[in-house]
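The next block holds one structure in the form of structure tokens; read it before the comments.
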Amino acid sequence: DGAAPALEVRGLTAGYGGMAVVHDVTLSVGHGEIVGLLGRNGAGKTTTLMAIAGFLGKHEGEVRVDGTPLRGPAHKRSRGRVGILLEGRSVFPSLTTRQNLDLASVDPDVATEMFPELKPKLRLRAGVLSGGEQQMLALARTVGRHPSAILIDELSFGLAPTVCERLLSRLRSVAESTGAGILLVEQGVHYAAGVADRVLIMNEGLIRAEMPGAELIAREEEIERIYLGGL
Ligand code: ATP
């Protein structure tokens, strides 16, 4: 179904054990679209990504990718149409860049076409790459498997502002060239507002507001006060 969004989440309630942490989350991400998911520490952003990916049992709701419902455990989902990049550098530091790609079954030619910076680094251990290059490698490991929906937690984590900006603009090209829908969790309101087509604001496990990225910048003060607190 070409008309279906890349990712569609309806009425998702999920948490840990019997305790629900996120409630009735409904969102959709179109093909080639980047949607930011913002909120203060503990708002439930990571939990939302984990539940969509199937790492957490959901209590209620439905997740569809390209119109097809996702069912079953995470290892089956991530092999298929959902790619997830968790917080921190998801690379093996003692293996080479090429081995990191091989382990993810990603063709080095595909990866270096997306991220030319990695080309001269293929034979180096991932641990000696810069923080930004390690994040590119982690992204390449996820994106290179051609998922329809990509879930990313804190791409900017621990990176210098200029490096973040460069990575996020890459993310824009990834969305455009692959047609994947990207759901991006970010602490940095400015980063998210700059790159996302739309942003969702989560507070205490509920999505409270949705707006274009540009509007977030215009209304930043008001929104921080109401929803983001402390950011
Ligand atoms: P952060 O930016 O700090 O990661 P977040 O918005 O991603 O915040 P979550 O990590 O999803 O928030 O946490 C939401 C709530 O779920 C918090 O109250 C947290 O204490 C709780 N929580 C997170 N992980 C677990 C867990 N493994 N077991 C029980 N409760 C958890």
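The values are calculated or read from the model by the stated rules, or taken from the named source; none is laboratory data. Everything numeric here is computed off the predicted structure, so don't read it as measured data. Counting neighbours? That spans all protein chains shown, and the Cβs are built from the backbone with ideal geometry, glycine included. What goes into the accessible areas is simple: the full protein's heavy atoms, side chains included, and nothing from ligands, DNA or RNA. Shrake-Rupley method; radii C 1.70, N 1.55, O 1.52, S 1.80 Å.
Just a few scattered comments:
- Within this structure, LEU37 fails the test of being within 16 Å of the ligand (Cβ to nearest atom) and without any contact (Cβ under 8 Å) to a residue 60 or more places away in the chain.
- Only residues that are surrounded by fewer than 17 Cβ atoms within 10 Å (Cβ to Cβ) and touching a His at 6+ places or on another chain (Cβ under 8 Å) were counted across segment 1-42, and they come to 1.
- Annotation note: of GLY205, GLY194, the sole residue that is of a type outside the set (Val, Ile, Thr), in contact with a His (Cβ under 6 Å, 6 or more places away or on another chain) and touching a residue at least 24 places away in the same chain (Cβ under 8 Å) is GLY205.
- Residue list for segment 43-79, filter: surrounded by fewer than 16 Cβ atoms within 10 Å (Cβ to Cβ), more than 16 Å from the ligand (Cβ to nearest atom) and either part of a loop (DSSP other than H, G, I, E, B) or at pLDDT 90 or above (or both): GLU62, GLY67, ARG71, GLY72, PRO73
- Odd one out for ASN100, checked against (1) more than 16 Å from the ligand (Cβ to nearest atom); (2) in a helix (DSSP H, G or I); (3) open to solvent by 50 Å² or more (accessible area, probe 1.4 Å): (3)
- Test: ARG123 is assigned to a loop (DSSP other than H, G, I, E, B), touching a strand residue (DSSP E or B) at 6+ places or on another chain (Cβ under 7 Å) and under 30 Å from VAL22 (Cβ atoms): no
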